[in-house]
Amino acid sequence: MPLSKLLLTKLQVINPALNTVPYTFTLLAHIAALQKGTKGANFEKLWDRITNFLGTYDPRQIRYLGAEFSHIIETTAAMALQSRQVR
């Protein structure tokens, strides 16, 4: 199974509200795959997963992932600017 499909499958299975830590690292792997231009990486699906994550993560868990969370926020801002989703 290609990496992008495997990661997306994991993002579909892991609940970010309950399992913020593993979801964060899986999301970061998916972001890295998209940035590398991995075949099969899907911007729209990743965008949906990121925006869902930002609305549902557990604040108690995310406090241990400062650098990783910052990277997700920075990537989200860059993706929004790139796709003109900033309003």
note = Note on the range 9-55: residues surrounded by 12 or more Cβ atoms within 10 Å (Cβ to Cβ) and of a type in the set (K, R) are K10, K45, R49
remark   = Scanning the range 56-87 for residues that are part of a loop (DSSP other than H, G, I, E, B) and on the phi < 0 side of the Ramachandran plot, the one nearest to the chain's Cα centre (by Cα) turns out to be Y57
query = Where residues in the range 71-87 are at pLDDT 90 or above and not aliphatic (A, V, I, L, M), which of them is surrounded by the fewest Cβ atoms within 10 Å (Cβ to Cβ)?
reply = E74
query = Quick one: is Q35 assigned to a helix (DSSP H, G or I), free of Cβ contacts under 8 Å to residues at least 60 places away in the same chain and under 15 Å from A17 (Cβ atoms)?
reply = no
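The values are calculated or read from the model by the stated rules, or taken from the named source; none is laboratory data. Just so it is clear, the structure is predicted and the values come from calculations on it, not from any experiment. Cβ: placed from backbone, ideal geometry, glycine included. Neighbour counts: every protein chain shown.
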